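Colleague: Once you've had a glance at the structure underneath, I'll fire off some questions.
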Protein chains: 2
Amino acid sequence: MLKRKGLLLVVSGPSGAGKGTICKELLQKNEQIKLSVSATTRKPRNGEVDGVNYFFIEKEKFTDMIGKGEFLEYAQIYDNFYGTPKAAIIECLENGQDVVLEIEMQGAKQIKEVYPEGVFIFVLPPSLEELKSRIVGRGTETKEEIDKRFSCAFEEINQIVNYDYFVVNKDVKQSTKEVESIIVAEKNKVTRYKNNIIEKFKEEL
Amino acid sequence: MLKRKGLLLVVSGPSGAGKGTICKELLQKNEQIKLSVSATTRKPRNGEVDGVNYFFIEKEKFTDMIGKGEFLEYAQIYDNFYGTPKAAIIECLENGQDVVLEIEMQGAKQIKEVYPEGVFIFVLPPSLEELKSRIVGRGTETKEEIDKRFSCAFEEINQIVNYDYFVVNKDVKQSTKEVESIIVAEKNKVTRYKNNIIEKFKEEL
């Protein structure tokens, strides 16, 4: 039996494209897929649970982990640090579990540098019009914020060239199926296993 | 709407791995996938239909087509020529239809040189033991032929490095699903469309 390592799925996309909903659906349908939990130095908000929403850690501990290279990526946003701890992810992957990581594009780029065998998926809205109406539909932002988000989203689409796959998110169920197909295909890629396959057959002789 | 070109699926594998059965199942389940029909200069056998089993053509016509570069690949086996005509395939691909081509490894290699955007799939038997019992199970060959086929099959497995994907054929239905996932994933690959995607969004502004 060929031992297949887990995949690290890195999912990005402009705000409002629906990447969060796709990840949620993917996790609900596939028990063997784990969600990567980020670490942060910011204080927990009401209802946030340590180890579920984030790992809440002290700044000293965080900078210590940076020094030891224990993050796949990290960023400082104002006074707070956010990062993706490496150890838990690598352990899952070695055990054949897939890990999904929803992250903005700068973080994805850092991850690609240290873990190029990750599977980088870019979620697109069906159209810019649709994107705008989704951002407006949230009803939580001022007109100025909406305009800013929208022009950012347009700029962000250029980042697609750094990704392996795209998913045009017309319908969450359909998009999730596409992500599932990407997982199957990636697990059947010769470059992930070529020596193992040949070895496996040679052992039998 | 993003225009997606069809895919050329090139399926190979050692004799007895079950590539023919997978292709048949794939075609039955997916009407939009077409089977590539080869051309040959050999005479039709009983029951063979021109345009279905092969395009039966004269040697002069065949060598003329070679001269004009009208084959994706061709080979001479003893006195007869066999080849894959390019025009019909390209037409299907441009119309967004996928084309499946079951071919031995030398032919696949030729196709990869002229059409590297093809999707090259290698069908593996679950094990060499299983392969042997499948070859024996056909009951149509002598012991010597079986031994020869079997040692060829082992040598052929080294060719897997020239392919993009492998499918371990334990079960035809499962293997066919894996090929279908490969098709979906390939259609969502950024490298196939990156300029188109960005253009598509820019047009809307």
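The rows are residues; the columns are (1) basic (Lys, Arg); (2) modelled with pLDDT of 90 or more; (3) touching a Cys at 6+ places or on another chain (Cβ under 6 Å).
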| position | (1), (2), (3) |
| --- | --- |
| B:3 | yes, no, no |
| B:8 | no, yes, no |
| B:15 | no, no, no |
| B:20 | no, yes, no |
| B:24 | yes, yes, no |
| B:29 | yes, yes, no |
| B:32 | no, yes, no |
| B:35 | no, yes, no |
| B:40 | no, yes, no |
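Colleague: Answer yes or no as to whether residue A:200 is part of a helix (DSSP H, G or I) and touching a helix residue (DSSP H, G or I) at 6+ places or on another chain (Cβ under 8 Å). Spell out how you get there, then give the answer.
Modeller: Details: part of a helix (DSSP H, G or I): yes; touching a helix residue (DSSP H, G or I) at 6+ places or on another chain (Cβ under 8 Å): no.
So residue A:200 does not fit the description; no.
Colleague: Here is a check on your reading of the model: is residue B:194 assigned to a loop (DSSP other than H, G, I, E, B) and either touching a helix residue (DSSP H, G or I) at 6+ places or on another chain (Cβ under 8 Å) or basic (Lys, Arg) (or both)?
Modeller: On the way: assigned to a loop (DSSP other than H, G, I, E, B): no; either touching a helix residue (DSSP H, G or I) at 6+ places or on another chain (Cβ under 8 Å) or basic (Lys, Arg) (or both): yes.
Judged against the criteria, residue B:194 is not a match.
Colleague: Can you pull out every residue in segment B:157-168 that is more than 8 Å from every other protein chain (Cβ to nearest Cβ) and more than 16 Å from the chain's Cα centre (by Cα)? Quick ask: steps written out before the conclusion?
Modeller: Taking segment B:157-168 and keeping what is more than 8 Å from every other protein chain (Cβ to nearest Cβ), we get B:159, B:162.
Those that are more than 8 Å from every other protein chain (Cβ to nearest Cβ) and more than 16 Å from the chain's Cα centre (by Cα): none in segment B:157-168.
Colleague: Name the single residue, out of those in segment A:147-156 being within 14 Å of another protein chain (Cβ to nearest Cβ) and out of contact with any Gly (no Cβ under 9 Å at 6 or more places or on another chain), that is surrounded by the most Cβ atoms within 10 Å (Cβ to Cβ). First the steps, then the outcome.
Modeller: First pass over segment A:147-156, keeping only residues within 14 Å of another protein chain (Cβ to nearest Cβ): A:147, A:150-156.
Next, only the ones that are out of contact with any Gly (no Cβ under 9 Å at 6 or more places or on another chain) stay: A:147, A:151-152, A:154-155.
Values: A:147: 13, A:151: 10, A:152: 11, A:154: 16, A:155: 9.
Here the residue is A:154.
Colleague: Filter segment B:169-205 down to the residues that are under 18 Å from the mean Cα position of the chain (by Cα), more than 7 Å from every other protein chain (Cβ to nearest Cβ) and not charged (D, E, K, R) and list them by number.
Modeller: Residues satisfying the conditions are B:169, B:172, B:175, B:176, B:179, B:183.
Colleague: Out of B:144, B:113, B:104, I need the residue that is more than 10 Å from chain A (Cβ to nearest Cβ), within 16 Å of the chain's Cα centre (by Cα) and loosely packed, with under 13 Cβ neighbours inside 10 Å. Which one?
Modeller: B:113
Colleague: If we only count helices (runs of 4 or more DSSP H) wholly inside segment B:118-187, which ones have 2 or more residues that are more than 27 Å from residue B:29 (Cβ to Cβ)?
Modeller: Values: elements: B:128-137, B:143-157, B:172-187.
By residue number, B:128-137, B:143-157.
Colleague: Restricting to segment B:37-63, name every residue that is of a type in the set (D, E, K, R), part of a loop (DSSP other than H, G, I, E, B) and under 22 Å from residue B:20 (Cα atoms). Talk me through it step by step, then tell me what you get.
Modeller: First, pick out the residues of segment B:37-63 that are of a type in the set (D, E, K, R): B:42-43, B:45, B:48, B:50, B:58-61.
With the extra rule that they be part of a loop (DSSP other than H, G, I, E, B), the set shrinks to B:42-43, B:45, B:48, B:58.
Scanning segment B:37-63 gives B:42, B:45, B:48.
Colleague: From the residues in segment A:160-181 that are of a type in the set (A, V, I, L, M) and over 14 Å from residue B:4 (Cβ atoms), which one is surrounded by the most Cβ atoms within 10 Å (Cβ to Cβ)? Step through it out loud before you land on a result.
Modeller: Step one: filter segment A:160-181 for residues of a type in the set (A, V, I, L, M), giving A:160-161, A:167-168, A:172, A:179.
Checking the rest, the ones that are also over 14 Å from residue B:4 (Cβ atoms) come to A:160-161, A:172, A:179.
Details: A:160: 22, A:161: 13, A:172: 14, A:179: 26.
Of everything passing the filter in segment A:160-181, A:179 is surrounded by the most Cβ atoms within 10 Å (Cβ to Cβ).
Colleague: Does segment A:116-128 contain at least one residue that is surrounded by 14 or more Cβ atoms within 10 Å (Cβ to Cβ) and more than 19 Å from residue A:23 (Cβ to Cβ)? Step through it out loud before you land on a result.
Modeller: First pass over segment A:116-128, keeping only residues surrounded by 14 or more Cβ atoms within 10 Å (Cβ to Cβ): A:118-128.
Filter again for more than 19 Å from residue A:23 (Cβ to Cβ), leaving A:127-128.
Within segment A:116-128, one or more residues are surrounded by 14 or more Cβ atoms within 10 Å (Cβ to Cβ) and more than 19 Å from residue A:23 (Cβ to Cβ).
Colleague: For residue B:11, all conditions in the list (1) within 14 Å of chain A (Cβ to nearest Cβ); (2) in a loop (DSSP other than H, G, I, E, B); (3) surrounded by 17 or more Cβ atoms within 10 Å (Cβ to Cβ) hold save one; what is the number of the exception?
Modeller: So the condition that residue B:11 fails would be (2).
Colleague: Output the number of the condition that residue A:136 fails; it satisfies all remaining conditions of (1) touching a residue at least 40 places away in the same chain (Cβ under 8 Å); (2) more than 10 Å from chain B (Cβ to nearest Cβ).
Modeller: (1)
Colleague: Does any residue of segment A:64-72 turn out to be surrounded by 10 or more Cβ atoms within 10 Å (Cβ to Cβ), in contact with a helix residue (DSSP H, G or I) (Cβ under 8 Å, 6 or more places away or on another chain) and either touching a residue at least 40 places away in the same chain (Cβ under 8 Å) or in a strand (DSSP E or B) (or both)?
Modeller: Step one: list which residues in segment A:64-72 are surrounded by 10 or more Cβ atoms within 10 Å (Cβ to Cβ), which gives A:64-66, A:70-72.
Within this subset, residues satisfying the condition of being in contact with a helix residue (DSSP H, G or I) (Cβ under 8 Å, 6 or more places away or on another chain) are A:70-72.
Still in the running and either touching a residue at least 40 places away in the same chain (Cβ under 8 Å) or in a strand (DSSP E or B) (or both): A:71-72.
So far as segment A:64-72 goes, yes, one or more of its residues are surrounded by 10 or more Cβ atoms within 10 Å (Cβ to Cβ), in contact with a helix residue (DSSP H, G or I) (Cβ under 8 Å, 6 or more places away or on another chain) and either touching a residue at least 40 places away in the same chain (Cβ under 8 Å) or in a strand (DSSP E or B) (or both).
The values are calculated or read from the model by the stated rules, or taken from the named source; none is laboratory data. What you see is a predicted model; the values in this text were computed from it and never measured. Backbone-built Cβ (ideal geometry, glycine too); neighbour counts: all protein chains shown.
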